[in-house]
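**Student:** The structure's right below; bear with me while I get my questions together.
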Amino acid sequence: MTLFIDGRWVAPKHGNQFSSIDPATEQGIADLAAADEEDVDLAVNAARKAFDQGWGQTSGSERAGFLEALADELEAHRKALAALEVRDNGKPLPEAEWDVADAIGCFRYYAELARELDERQDQPLDVGDARFSCHIRHEPVGVAGQIIPWNYPLLMAAWKVAPALAAGATCVLKPSELTPLSALELGVAAERVGLPRGVLNIVPGFGGEAGQALALHPGVDKLAFTGSVPTGTRIMAAAAVDIKNISLELGGKSAFIVFDDADIEAAVEWIMFGIFWNQGQVCSATSRLLVQEGIAPRLLERLVDAARDIRIGPGMEEGVQLGPLVSAGQYQKVMGVIAQGKQTAKLLTGGVRPAHLPIGYFMEPTIFDEPDIRSTIWREEIFGPVLCMKRFKTEAEALALANDSRYGLAAAVMSTDLERAARVANGLRAGIVWVNCSQPTFTQAPWGGMKQSGIGRELGHWGLENYLEVKQVTQYCSDEPWGWYQK
Ligand code: NAI
Ligand code: MG
């Protein structure tokens, strides 16, 4: 497949290619064009032209029409899209189906917000001085450079593209080199619904080439990135060169606090979901489990049994709960961290390839008991099906352990004492806190982290603001001279 630039499918300038791999079979499934600096330059220029020549001046309701058409288009191909996501990323089919449904929902939601934007436009603001009238405008930020990861390929594309288009910005989207296929389908959809040329450009390619070129391009007004902290650092540095507006959604090492009074079966369900869905390759995965001493022995026994029961296999296979990790690189990274972890903590289960799956990046659900709080497995994002558990005595101790992290994306707390749960929720330094659950995500609710987990919030109306500039227009309405020079 080729690059989607200025409404056309074009070959890369230097003919660079790469393959996308099915992580369940380790076989290539598609050969793709890899964009480099010159291709990114063409895409940014196309996005600039589209912005200047019309998209930036369209009304919110016009844009809403396109967003709804895109949602309809994805809906019409939802089955094929989910299957494509499974092949490219490895996740179990039911999870890919959720992703596709959420992506569709995201386009519909931002269609609504685009319409509301028309109503919010030019609203008066009382500045407390009758000689002046002031009104507020919300104007699109311009060209958005959007760099997304491989864990939710289509959904991350939707989280970036839908609010940007709703705001009236134009997009240059760089999907991950590990999972570019579903994002390219967005280009197909854009073509089918007649989205004006250049409004959405898609440039698959490698991070150090296409990604870096996009981050450094002077024609980009805003950068939006989801991925690792080290890459986030590079993107922030690139943005600093010409003061680009940025939003970053980086990783996490989110805590899940379970108090003695929690329901064991409910706790097991949410803890497992919180770390093993999407093979643990989730920025908000609740990978640090904090369990109060009284409940710990029973909970741990149930948890280990449940982890051993998880059905592992190719994502398209009926009943599979855990697919392969996304790539050989990610598999080796996670296995390396597990090997290190064995030296500082007790391995309760997993840590190996399942015996019945000799091919594919498959890994058993893994649980470590009582790692050293200075160890890598306790402190760093693993991004695999690896849970680390520690015991605590008091609420204060649990909060201190939970907050002792450079990350602050998400956290969960489980207790039947809702006053305590609320107290703990308020004390957690994280952008997302779940009470008596873990992971449910809503398009309406803000998504993003504190500390090194990022800058800004996606989703909800916060996600739209990422792509809007706020302008005040202030008019002097008095007949009196101002009186600074002319008395
Ligand atoms: P990454 O952060 O390097 O990749 C994410 C995106 O950034 C990809 O599209 C990649 O091509 C691009 N990129 C890479 N280097 C770039 C550069 N210099 N300039 C511009 N763009 C660049 O993540 P990677 O290497 O795939 O995964 C490594 C670790 O990152 C994972 O183990 C996990 O801990 C974390 N991660 C976190 C994610 C999240 O959702 N917060 C998503 C993916 C990875
Ligand atoms: Mg792939």
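The values are calculated or read from the model by the stated rules, or taken from the named source; none is laboratory data. On a predicted model such as this, the values are computed, not experimentally measured, just so you know. Here Cβ is always computed from backbone atoms with ideal geometry, including for glycine, and neighbour counts include all displayed protein chains. All accessible areas refer to the heavy atoms of the entire protein, side chains included, with ligands and DNA or RNA removed. Shrake-Rupley method; radii C 1.70, N 1.55, O 1.52, S 1.80 Å.
**Student:** How charged is the neighbourhood of residue 421? Take every other residue with its Cβ under 12 Å from the Cβ of residue 421, and add Lys/Arg as +1 and Asp/Glu as -1.
**Tutor:** For residues surrounding residue 421, the net value is -2.
**Student:** A follow-up question, please. Expressed as a whole number of Å, what is the distance separating the alpha-carbon centroids of the stretch 328-354 and the stretch 363-401?
**Tutor:** 14 Å
**Student:** Under a Cβ-only charge scheme (Lys and Arg +1, Asp and Glu -1), can you give me the dipole magnitude of the chain about the Cα centre, in debye to the nearest 20?
**Tutor:** Details: 44 positive and 63 negative charges, 211 e Å.
Around 1020 debye, computed over the chain.
**Student:** Return the Rg/Rh value of the chain, two decimal places, where both radii are evaluated on C-alpha atoms and Rh is the Kirkwood radius.
**Tutor:** Here Rg/Rh amounts to 1.02.
**Student:** Could you check how many percent of all C-alpha pairs in the stretch 116-192 are farther apart than 15 Å? Show your work: numbers first, answer last.
**Tutor:** Numbers: 1877 of 2926 pairs.
Beyond 15 Å sits 64 percent of the P(r) for the stretch 116-192.
**Student:** Then there's this: Excluding ligands, DNA and RNA, what is the solvent-accessible area per residue of the chain at a probe of 1.4 Å, expressed in Å²?
**Tutor:** I get 40 Å² per residue for the chain.
**Student:** Continuing with this model, one more query. Starting from the Cα of residue 343, step 7 Å along the direction of its Cβ; do the same at residue 112; then give the gap between the two resulting points in nm.
**Tutor:** Those two pseudo-labels are separated by 5.3 nm.
**Student:** May I pose another question? Whenever you get a sec, line up 461, 217 from highest to lowest accessible area (probe 1.4 Å, protein heavy atoms).
**Tutor:** Details: 461 85, 217 25 Å².
The most accessible residue leads, giving 461, 217.
**Student:** Would you list, by chain and number, the lysines whose Cα falls below 26 Å from the Cα of residue 91, excluding same-chain residues fewer than 8 positions away?
**Tutor:** 79, 160, 174, 253, 333
**Student:** Continuing with this model, one more query. At most 11 other Cβ atoms within 10 Å and a DSSP loop assignment: could you name the trypsin sites (Lys or Arg not before Pro) in the stretch 329-374 that fit?
**Tutor:** Those satisfying the criteria are 374.
**Student:** I want the local charge near residue 328. Using Cβ-Cβ distances under 14 Å, sum +1 for each Lys or Arg and -1 for each Asp or Glu among the other residues.
**Tutor:** Net charge around residue 328: -1.
**Student:** Given 266, 182, 172, which one lies farthest toward the positive end of the charge dipole of the stretch 166-289, if we put +1 on the Cβ of every Lys and Arg and -1 on the Cβ of every Asp and Glu?
**Tutor:** Farthest towards the positive pole: 172.
**Student:** Which residues in the stretch 242-281 have a backbone N closer than 16 Å to a point placed 7 Å from the Cα of residue 455 along the Cα-to-Cβ line?
**Tutor:** Under 16 Å, as judged by backbone N against the label point of residue 455, lie 242-251 of the stretch 242-281.
**Student:** Still on this structure, please answer the following. Charges at C-beta only: +1 for Lys and Arg, -1 for Asp and Glu. How large is the resulting dipole of the stretch 345-487 about its Cα centre, in Debye rounded to 20?
**Tutor:** Dipole of the stretch 345-487, to the nearest 20 debye: 340 debye.
**Student:** Let me know the charge dipole size of the stretch 276-365 about its Cα centre in debye, to the nearest 20, where only the beta-carbon of Lys, Arg (+1) and Asp, Glu (-1) is charged. Don't skip to the answer; put the middle values down first.
**Tutor:** On the way: 9 positive and 7 negative charges, 62 e Å.
Value, rounded to 20: 300 debye.
**Student:** Going by accessible area, probe 1.4 Å, with all protein chains left in place, what is the ranking of 388, 283, largest first?
**Tutor:** Result of the area sort, largest leading: 283, 388.
**Student:** Additional query: Picking from 424, 329, 398, whose Cα lies most toward the positive end of the charge dipole for the stretch 255-435 (charges on Cβ: Lys, Arg +1; Asp, Glu -1)?
**Tutor:** 329
**Student:** Please report the carbon-and-sulfur percent of the accessible area for the chain; probe 1.4 Å, protein heavy atoms only, DNA, RNA and ligands left out.
**Tutor:** Carbon with sulfur: 53 percent of the solvent-accessible area.
**Student:** Just how much of residue 474 is accessible, in Å², when a 1.4 Å probe is used and the result is rounded to the nearest 10?
**Tutor:** 70 Å²
**Student:** Then there's this: How are the alpha carbon pair distances in the stretch 343-459 distributed across 10 Å bins from zero to the largest one, expressed in percent?
**Tutor:** 12, 35, 35, 16, 3
**Student:** Here is a follow-up. Full extension from residue 328 to residue 417: what is 0.36 nm times the residue separation minus their Cα-Cα distance, to one decimal in nm?
**Tutor:** Result for the pair: 27.6 nm of gain on full extension.
**Student:** Ranked by accessible surface with a 1.4 Å probe, highest first, in what order do 181, 418 come?
**Tutor:** 418, 181
**Student:** For residue 191 and residue 31, what is the calculated FRET efficiency with R₀ set at 22 Å and r taken between the beta-carbons, to the nearest 0.05?
**Tutor:** Using R0 = 22 Å, I get an efficiency of 0.60.
**Student:** Multiply the residue separation of residue 374 and residue 9 by 0.36 nm, subtract the distance between their alpha-carbon atoms, and state the gained length in nm to one decimal. Mind showing how you got there, number by number?
**Tutor:** Working: separation 365, 0.36 × 365 = 131.40 nm, distance 4.97 nm.
Additional length available on full extension: 126.4 nm.
**Student:** With a Förster radius of 45 Å, plug the Cβ-Cβ distance of residue 53 and residue 485 into 1/(1 + (r/R0)^6) and report the FRET value to the nearest 0.05.
**Tutor:** 0.60
**Student:** How big is the stretch 255-435 by Rg and Dmax over its Cα atoms, in Å?
**Tutor:** According to the Cα coordinates of the stretch 255-435, Rg and Dmax are 15.7, 49 Å.
**Student:** Pairing the Cα long axis of helix 78-89 with the longest principal axis of the chain, what angle in degrees results, from 0 to 90 and rounded to the nearest 10?
**Tutor:** Relative to the chain, helix 78-89 is tipped by roughly 60 degrees.
**Student:** Then there's this: Translational diffusion coefficient, Stokes-Einstein: compute it for the stretch 264-364 using the Kirkwood radius over C-alpha pairs as Rh, at 4 °C and 1.567 mPa s, and state it as an integer in µm² s⁻¹.
**Tutor:** 89 µm²/s
**Student:** Restricting everything to alpha-carbon atoms, can you work out Rg to Rh for the stretch 17-130 with a Kirkwood hydrodynamic radius?
**Tutor:** 1.14
**Student:** Using helices alone, I'd like the mean residue ellipticity at 222 nm for the chain: each DSSP H run of four-plus residues gives -39500 (n - 2.57), total over residue count, nearest 500.
**Tutor:** -12000 deg cm²/dmol
**Student:** At a 10 angstrom cut-off on C-beta neighbours, averaged per residue, how do the peptides 128-134, 204-210, 157-163 rank from highest to lowest?
**Tutor:** The peptides rank, most packed first, as 157-163, 204-210, 128-134.
**Student:** Also, I was wondering about something else. Could you point to the residue in 145, 314, 199 farthest towards the positive end of the chain's charge dipole, with +1 and -1 charges on the Cβ of Lys/Arg and Asp/Glu respectively?
**Tutor:** Looking along the dipole axis, the top candidate is 145.
**Student:** Gap in Å between the Cα centre of the stretch 13-43 and the Cα centre of the stretch 205-263?
**Tutor:** Computed from Cα coordinates, the inter-centre distance equals 22 Å.
**Student:** Residue 318 versus residue 121, label points 7 Å from Cα toward the beta carbon: distance in nm?
**Tutor:** That separation, rounded to one decimal, is 5.3 nm.
**Student:** Still on this structure: In square angstrom, rounded to the nearest 10, how much accessible surface does residue 148 have for a 1.4 Å probe?
**Tutor:** Roughly 10 Å² of residue 148 is accessible to a 1.4 Å probe.
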